[in-house]
Structures are given as structure tokens and as C-alpha cells.
1. Across the residues of B:53-62, average count of Cβ atoms on other protein chains within 10 Å?
2. With a 1.4 Å probe and all protein chains left in place, how much of the accessible area of the range A:169-252 comes from carbon and sulfur atoms, in whole percent?
3. Provide the descending list of Cα extents for the range A:118-270 along its principal axes, expressed in whole angstroms.
4. For the pair A:Arg160 and A:Thr126, how long in nm is the line joining their label points, each one 7 Å along Cα→Cβ?
5. Applying a 10 Å radius around every beta-carbon, put A:19-32, B:26-39, A:254-267 in order of their mean neighbour count, most first.
6. For chain A, find the longest principal axis of its Cα atoms and tell me its angle to the long axis of helix A:2-15, 0 to 90°, nearest 10.
7. State the volume of the convex hull built on the alpha-carbon positions of the range A:104-178, expressed per residue in Å³ and rounded to an integer.
8. Just name one of A:Thr85, A:Ser42, B:Ala57: the one whose Cα is farthest towards the positive end of the charge dipole of the protein assembly as shown (beta-carbon charges, Lys/Arg +1, Asp/Glu -1).
Amino acid sequence: MLLLALCAASAVQAAGTAAGTNIQSAAQVSYSFGGTSQTATSNTVTVTVVEILDAVVTVAGNASVAPGDTQQELVFTVTNTGNGTEAFHLAALSAGLTGDQFDPVLATNPLWFDTDNSNDLSAADTIYVPGSNDPVLAADASVRVILVNDIPASAADGQRGRSQLTATSRTGAGAPGTLFAGQGDGGLDALAGTSGGSAAQVGEYIVAGLQLAAVKSQVVVDPFGGARVVPGARINYQVVVTTTGSGLAAGAVFSDAIPANTTYVAGTLRLNGTPLSDDADGDAGELVATAAPQVRIQLGDLTAASAPQTLEFAVTIN
Amino acid sequence: MTIAFRNRGFVAAMAAFVSLGAAAENCIELTTTAEAEQTYTNEQGQQATRLVPVVKALPGDEVVWTVTAKNLCSKPAEHVVIANPVPEHMTLVANTAMGIGTQITYSLDGKDFQAANALSVSDAAGTRSARPEEIRHIRWSYGTAFTPGATAFVRYRAIVD
């Protein structure tokens, strides 16, 4: 509860004073009159903080794809950097963007909310339907959005294809300073902020002729010193990722679901022998502790020259 | 404001009724205004600035606060001191407090008033000068008395957080 309150306070700070706040001022005067001290107070003046409409969209890295791949994801974050609560309209665009060599093809349902925060399209995620479930974000709040495209078979090795997510304030958008009289929070005025109330970000698909292969092996250790698969037994997994072909696998991420009826053993994640923490923090690995937990390791940019990457983690059988 | 005004009227009426003569009356009328600086083109076609009343503002906007004092009584008012807390959700703009014929002091807590450059803060890293956002009170002290009918104003600028 305390933590929540602190978070809320710092969020308001970052976005500026909250829309609807009344700033009030009154002065006092003291003086003396024939030796008698007197005081008086002025009128109280109120200045009301109006709503500022602002948004920022960021993308979590590029996606490595192969020609003809379908349902390829880019993960974006939309943040309300204004000072009020605002609904945002989301739009996806892949055709005709400059700076790329091919056009990805938007999926039938191109936009999804990453409801389970897995950074991946999964069963728990929700389709975005414009005008129906536009995300409503408090000041400084954000939502993760997955943009899905198919990659044309004609895309060639090393080519880039761009896809863009645009978030636009439902109150309105326009040049910075555009006034939306009486349309802000609580019937206050709203003004387009420095973003104009609309923000866009481009993500890139990079075609890599590079193939990644993962070979998984396991060692079972039962509580009795044997190797029987019984409740309580531990399974040590090792996965070796190797590269073949040419080109670049930009921002390669390895993820592996924790098998059903097993439990991840905390602190067992390793990359090339180096322990990684389970938290989503500075290091490359994390345990994504959702209903369907998975381990994720960022392998970075891989090429054919990259050494095999050895990943390890352990589970126990429930 | 409304209540204070009524009180004053009430006290004045009572004083008249019981004929206390020199009893406590509010002789200084104090008025606060909030304005914003606006750039406009004047009749000569030049860019100029003027102050316009403001009732709405955005984070980052500057508000010019003016406090006007007038001596309504027939005797001089001495040792006039105007005090104004920097409003909540606002940060004082450094070196903008002014008032002709006043000595201006500042305070972090509303108790200890010092010149701006004499304000210091002690924290874990030691003692340092106070930052503008830490200054929460301003006080203007007049060196000379307000003659009957005299008017003066003090002013400062602050930015919406």
C-alpha cells in the first residue's frame, strides 16, 4: 500500500502536476499602527492545472526473421506522458514506410495487448479493437502492445522491413499547444503537449539467412540417488544454441517454457556457465513468472561466427 | 476570502457601535493576483509583453504573482511586512521576487528567514545552498511607513511543477 502510494506520487512528478489540481495562493501582511500589531490576509487566488496530452511509444528491439515467416512480433510500449487520464487510439502501419527494403504484411489482427506481460503473443493476450478497448492510461502509466506481421517470401537476406505503431490521444491531437476546450479530465481544457498528443515508433524486421538451432538435453536426479522420473526428482536442462548460414540474428532471445507439472528451481539459470539472476534486471536472463512460466535469455546479436551458446536451468517434478 | 472580509466588516461595525475609536481595524487591504506574461504585437507593429490574468495553467507554465497593499486608514501603517508562501505545486523562479523599498528574505520552513544566498540545507552530503524549489516562503519588509492612501506592490514568478 505504501509502495503504491510512493509510486503514484513519483508518477505524478514525472508527468507534471496532475490535471485538475487547484494551485492556491493568499498573502498575509503584518503592520503596526500606533504601536498595535495587526495582521490581514488577502483574497485567495486559484489557478487550475489543465490537462496536457502527451504520449511516448518505444519499441523493444528489432526482430530477426526468415523470408516467408508468419506471425512475427514486435513489442512496443505506449506511455501516457501527459498529466491526466487519457484513452489512446492505436494504429499499425507497415506499407510505404521509408528507410526499409521490404514491406512486412500486417496480420489480420495486427495489434494485441501483452496482457500477461510475457513479451510474446500468448493465449492470455487480448486483441486490440479500435474504439472498443482503447487503452486508458493514467498519467505516466504504460501498456505493452504486440504488433504482428507476416514476412513476404520475396524478402532477401540482410533486408529490413519496417512496421509502425502510432498512439493518438482520444481527446485529440494537433500541433503542440492546440486547445481542446472543456474536453480534458473533469471538463477542464486539454492542450496538445510537445508530442502533439500523438506519438509513433517504428520497429524493424531484419531478414537473416542465419539459422539458429537449439539442442536440448536433460539429466534426471531422483531423491534416492538414481535417475528415475518421480515427484521430487530434479531435471537439469542444458540447451546449446548454434548458428549456421550467413547474416545476422539481431537481438536473439531464447525462451523455453517450464514443463507442466514441474517447478523451476530458483537461481539455476546460467548462460555459458555464468549464473544469471531470475529477475528482469541488468543481466541477460529472467524467469517470466506468469501462469505459464518460462525462462528467457537475451543472446544479443548472433552471427555465423558466434560460438555455441550454452544455457542451463533446472526444475523439480511436482 | 469571503469570510475574512465579513469578519473585517463585522469588527468595524462593532467598533463603530461601541465607539472604541482606536480599536483594531484592518487598515491594510491586501490583494493577490495571478497573471501570465503574454507576447503581443503593439500598435507600432513591435513585439511587446504584457500581463494578462490567468485562471488556468499547464505544468511548466510561469505565473506572475502580485500582491498589492493599500493603507485604507487615516494614519500611517508602520513595519509593514508582506508574507507569501510559494504555492503548492509551484517552484519559485530564482531572483524574481521584487518589491520597491523592501528587504526580501526567504525561508524553507516558514520560520527561519534569510537572504536568498544565505539559505542553506544540511543533508547526508553536508551543507549546501538551498535550491529554488526548496524555497517555500517569501517575505517583503518595508523600511518606511505606508502613509494614508499609499499603495505598493510586491511580485514574484513561479513555475507550475
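1. Details: counts 1, 3, 5, 8, 7, 14, 13, 5, 5, 0.
Per residue, the average neighbour count from other chains is 6.
2. On the way: 2300 of 3990 Å².
Its accessible area is 57 percent carbon and sulfur atoms.
3. Sorted from largest, the Cα extents of the range A:118-270 read 74, 42, 25 Å.
4. 3.4
5. Details: A:19-32: 19.6, B:26-39: 17.6, A:254-267: 13.7.
Averaged packing, sorted descending, gives the order A:19-32, B:26-39, A:254-267.
6. 70
7. Working: hull volume 11.9 nm³, N = 75.
So the per-residue hull volume is 159 Å³.
8. Value computed over the given set: A:Ser42.
The values are calculated or read from the model by the stated rules, or taken from the named source; none is laboratory data. Treat the numbers as computed from the prediction; the structure is a model and nothing was measured. We place every Cβ from the backbone using ideal geometry, glycine too, and count neighbours over all the protein chains shown. These accessible areas exclude ligands, DNA and RNA; they are computed on the full protein's heavy atoms, side chains included. Shrake-Rupley method; radii C 1.70, N 1.55, O 1.52, S 1.80 Å.
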